[in-house]
Amino acid sequence: MPAQPTILLLDDDQDFLDLYREMLGQHLPSMPEVRVANSGTRALSILESEQFNLLIADLSMSKMDGLQVLTIARRKFPHLRLVVLTGIRDEQFRTRAYALGVDQYWLKPETEQEMGLFMESMESLISRESQEGFRGVQSKGLVDIIQLECLSQSSCVLKITNGMTEGRIFIQSGEVFDAELPGLTSEPAFQRILAWKTGSFETLPADPSRVRTIFSSYQGLLLNTAQAIDEAASFDEQPAAPSGDSGTPAPVQNSRAASLLAEVSQMEGVEFVLALGREKNQTQEFWGLDNPKPISEFTKETLDNFRALGERLHVGDLQQITGQGLQHKVAVAPCGNSDICVGFPAAVSQEHLRDSFKSILSKWAS
Amino acid sequence: MGILSRLFKTAEPGLVHLPSGSFTVDKEGATITSTLPQSFPSGHRDAISQQVMASFRAARRAHMPLNEIVIQYSALKLLARELGEGAIVFLMPQSLNQQSAVKIKKSP
């Protein structure tokens, strides 16, 4: 990333561009270089040729609207910070913009005070260099956050969300007391949560009634977890077993996947599970299926189609699809680099399906 | 010609508001009835119905026929129910407030 921060400003109103170029370029403490574009296509071609820290985009523009630009920018430039600056007061557009992954949504400032807040906020955004980490405290990993809380002897609950999965870490007087995920508690849940590479988190008030299930010191706990994550990573790096002669990928190609499948197969009501790698050389792991091919085709086709539809409608990430028939219920969802499909009997309640599927996704995400 | 093309220039697609509503389609995905406003582009509606019908077909091919599919995006929920040889599709835009309300309700 260049030393001098760079901002790309997109709006179809030339007066607005001139005004904001001057405001941002001359009045922000970091003195960023501000480039402007008066159309979505122009903005995207500038983004292709130069690196930027921040894109500030209007929503309402002719030809290519702001949501379209943001969808493409988020996909092509995942590390670029995105801000919407618009005159549209509409809750739905705000929701959709956040669903597409924008960092902030601003209504065009109308008072000096609002302008001051906007400028401060832009300065804060471009001064953050780190590309990874948990939203909520940017530039920090989850380990840093836990260390901070424990060192300051805090009592709180950290709620961490990764896709559809929500985990909680309970901290009491600077000690990790307990952790929970759907279907998992204590140290295994803590380890799973820490294996997540990205997500968002928020700090909730402490829960003094929580029963302590973790008795290791937080340093020991973090050390054990780091070791477990390293071991799991080295497992994954081992070359996979060759596929069968028929061209069908061999089921359960590594022991981590095997143990996950074994765990999932014990869950009440689960009829089958299939995990499909999304890379070119698709790997396939399954349990409970004699012939995984038809389900695998259904999973891939359905998720690919609805992902494309989501991009077209600008409605954010596809979170999950559930279906029910006379004999089966099924749930499919993207999960990390895999697509997961889980089958349930028709008699299973929607609530049970939702909870079980969440739990399976959280196991897989870790 | 220049004047004519200016006079009859087709409207450029603007920012599309996602409506709440429903529509029914036949087995080919052609719309039969709709409660969606006319401002919602028919292209979007057709794209939804085509994907929905394709999913019902894909499920049948996988020997797992489905009569209802719920598709959850961050900002939109689609519910499609099979009706004879067609389907009815409901569009339910999700708002941030709605999502937080659900989460608050669920917490103990």
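Being under 19 Å from A:D12 (Cβ atoms), at the interface with chain B (Cβ under 7 Å from one of its Cβ atoms) and aliphatic (A, V, I, L, M) is the filter here; which residues of segment A:52-99 pass it?
Once the filter is applied, which keeps residues that are under 19 Å from A:D12 (Cβ atoms), at the interface with chain B (Cβ under 7 Å from one of its Cβ atoms) and aliphatic (A, V, I, L, M), segment A:52-99 yields A:L59, A:L67.
Evaluate segment A:241-250: report whether one residue or more is surrounded by 16 or more Cβ atoms within 10 Å (Cβ to Cβ) and either more than 23 Å from A:K358 (Cα to Cα) or at pLDDT 65 or above (or both).
yes
Each row is one residue, and each column tells you yes or no for (1) acidic (D, E); (2) open to solvent by less than 10 Å² (accessible area, probe 1.4 Å); (3) more than 13 Å from chain B (Cβ to nearest Cβ).
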site	(1), (2), (3)
A:L289	no, no, no
A:L303	no, yes, no
A:L309	no, yes, no
A:T322	no, no, no
A:G336	no, no, yes
A:D339	yes, yes, yes
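Given (1) within 9 Å of chain A (Cβ to nearest Cβ); (2) modelled with pLDDT of 95 or more, where does B:S74 come up short, assuming only one miss?
Among (1) within 9 Å of chain A (Cβ to nearest Cβ); (2) modelled with pLDDT of 95 or more, the lone unmet condition for B:S74 is (2).
Any idea how many residues of segment A:160-193 are open to solvent by 20 Å² or more (accessible area, probe 1.4 Å) and not β-branched (V, I, T)?
Looking only at that region, the number is 18.
So, in segment A:143-183, of the ones that are in a strand (DSSP E or B) and modelled with pLDDT under 80, which residue ends up nearest to the chain's Cα centre (by Cα)?
The residue in question is A:N162.
Wholly within segment A:11-116, which helices (runs of 4 or more DSSP H) include no fewer than the required count, namely at least 3 residues that are over 29 Å from A:R307 (Cα atoms) and open to solvent by 10 Å² or more (accessible area, probe 1.4 Å)?
Fully inside segment A:11-116 and qualifying: A:14-27.
Taking segment A:117-142 as the region of interest, how many residues are at pLDDT 90 or above and open to solvent by 60 Å² or more (accessible area, probe 1.4 Å)?
So the answer is 2.
Which condition number in (1) open to solvent by 60 Å² or more (accessible area, probe 1.4 Å); (2) at the interface with another protein chain (Cβ under 7 Å from one of its Cβ atoms) is the one that B:Q38 fails?
Every listed condition holds for B:Q38 apart from (2).
Can you say whether B:A59 is in contact with a Leu (Cβ under 6 Å, 6 or more places away or on another chain) and facing another protein chain (nearest Cβ under 7 Å), as far as the supplied structure shows?
Against the criterion (in contact with a Leu (Cβ under 6 Å, 6 or more places away or on another chain) and facing another protein chain (nearest Cβ under 7 Å)), B:A59 qualifies.
Here are the criteria: (1) surrounded by fewer than 21 Cβ atoms within 10 Å (Cβ to Cβ); (2) under 11 Å from the mean Cα position of the chain (by Cα). Tell me which single one B:V52 does not satisfy.
The failed condition is (1).
The values are calculated or read from the model by the stated rules, or taken from the named source; none is laboratory data. Note that the structure is predicted; figures quoted are calculated from it, not measured. Cβ atoms come from the backbone with ideal geometry, glycine included; neighbour counts cover every protein chain shown. Each accessible area value is taken on the protein alone, full model and side chains, heavy atoms only, with ligands, DNA and RNA left out. Shrake-Rupley method; radii C 1.70, N 1.55, O 1.52, S 1.80 Å.
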